[in-house]
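The values are calculated or read from the model by the stated rules, or taken from the named source; none is laboratory data. Source: prediction; values computed, not measured. Counting neighbours? That spans all protein chains shown, and the Cβs are built from the backbone with ideal geometry, glycine included. These area figures cover heavy atoms from the full protein model, side chains too; ligands, DNA and RNA do not enter into them. Shrake-Rupley method; radii C 1.70, N 1.55, O 1.52, S 1.80 Å.
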Amino acid sequence: MIVDSVKKGLLSGLNTTWSLGKVIFPVTLIVTVLQYTPVLPFIINLIAPLMNLIGLPGDAAIPLVLGNFLNLYAAIAGILTLDLTVKEVFIIAMMLSFSHNLLIESGVAMKTGVKLWVILTVRIGLALLSAIVINLVWQGGSEMAQGTAIGEAAEINGTGAILLHGVVQALSGIGQLAVIVIPLMVAVQIMKDLKWLEAFSKALAPFMKVLGMKPNASMPFVTGLTLGLAYGAGVMIQAAKEDNVSKKDMTIAFIFLVACHAVVEDTLIFIPLGIPVLPLLLIRLLTAIVLTMVVVYIWNRTDRVQRKEAVYEQ
């Protein structure tokens, strides 16, 4: 049975890598190439005047743009080139915890059936709201943030060299995804066949019920919470197809996960910058729980009203 599970998991992992790779490759290639054109600097200059509204200097637009177009590592590289206070870095970290890698993560999220406008509204809205609240509420953090020095990226000249660099970066991204997704899909398939996931779902049932989801949404939920949207998307897509996870439950799970996912990596990555990471994690977690419960309440109430209206019409 294990051999069959491994074969099925490998096939599922390869199919998922191919599916997600079709999103990751063009996005990574385009954004990487844009770094060597006037486009990204233009976007940064366009956003810079808005930074003061959320308590940030104009050049803080650099890590925000890099983080949203690329990932948190690119954003941190941008942060380390600036002179910022602990409060300013905390605001940037909070915003990017809610809103980062938008192009790729939104693309893979849509493959599970979640609407693009839902993903973008929640992520960007939470990023802006958190920055405004932190700027108004937190009076401390005026000391300069600390970070480790990083080497400068090698200068690349010529259209061909830039395109080649973009292709290498895109293929590297797909390779990193495959290294995580394929073993993960094999492990998930084995746990399914051994009925471990069934027991796991039952254990999580009370918490899933509080958040308005059925137990069969537990595996994609936990995967996204620990691994993130991009790496966890394979399990989420498979669960949506094989485990009969409803569109409503998948949407609710993603509303939680767009606010709070990859909690280990996305939290620990900011430690070298000298900011308080525990509040960063707790704010994300509490925001995700409250937001999800509010959305579920409104959704269920709307459904009840519509059912009543349908009965009256009959």
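Under 24 Å from the Cα of residue 7, which lysines turn up, not counting those fewer than eight places away in the same chain? Correct list for residue 7: 22, 111, 192, 195, 241.
Extension gain, residue 200 to residue 294: 0.36 nm times the residue separation minus the Cα-Cα distance gives 31.3 nm. Subtracting the Cα-Cα distance of residue 47 and residue 7 from their residue separation scaled by 0.36 nm leaves 9.5 nm. Split the accessible area of the chain by element, probe 1.4 Å, and carbon with sulfur accounts for 69%. If each Cα of segment 16-57 is one equal point scatterer, what is log10 of I(q)/I(0) from the Debye formula at q = 0.23, 0.24, 0.27, 0.33 Å⁻¹? Reported log10 I(q)/I(0), two decimals: -0.76, -0.78, -0.84, -1.00. Calculated accessible area for the chain comes out at 50 Å² per residue, all protein chains present (probe 1.4 Å; ligands, DNA, RNA ignored).
Here segment 5-102 is treated as a Stokes sphere of Kirkwood radius computed over C-alpha pairs; at 20 °C and 1.002 mPa s its diffusion coefficient rounds to 143 µm²/s. Taking other residues whose beta carbon is less than 11 angstrom from the beta carbon of residue 113, and scoring Lys, Arg as +1 and Asp, Glu as -1, yields +4.
Find out how many positive minus negative residues lie around residue 68, taking Lys and Arg as positive, Asp and Glu as negative, among other residues whose Cβ is under 15 Å from that of residue 68. Net of charged neighbours comes to -1. Thinking of segment 67-148 as a set of Cα atoms, what percent of all their pairs are more than 18 Å apart? Summing the P(r) of segment 67-148 above 18 Å gives 48 percent of all pairs.
Here r is the Cβ-Cβ distance between residue 18 and residue 73 and R0 is 35 Å; the resulting FRET efficiency, rounded to 0.05, is 0.90.
Membrane-span-like helices in the chain, defined purely by DSSP H runs whose alpha carbon atoms cover 24 Å or more axially and whose average Kyte-Doolittle hydropathy reaches -0.5, are 2-34, 116-137, 159-193, 277-313. Of 122, 137, 108, the residue with the greatest mean-square motion in the GNM of the chain, using alpha carbon springs below 10 Å, is 137. Taking packing as the residue-averaged number of other Cβ atoms within 10 angstrom, the listed peptides 248-259, 206-217, 295-306 run from highest to lowest as 248-259, 206-217, 295-306. Over the Cα atoms of segment 238-314, each weighted equally, I'd like the Debye log10 I(q)/I(0) at q = 0.19, 0.20 Å⁻¹, rounded to two decimals. Calculated log10 I(q)/I(0) at the listed q: -0.89, -0.92. Net charge around residue 228, counting only other residues with Cβ within less than 10 Å of its Cβ (Lys, Arg = +1; Asp, Glu = -1)? Charge balance in the 10 Å sphere: -3.
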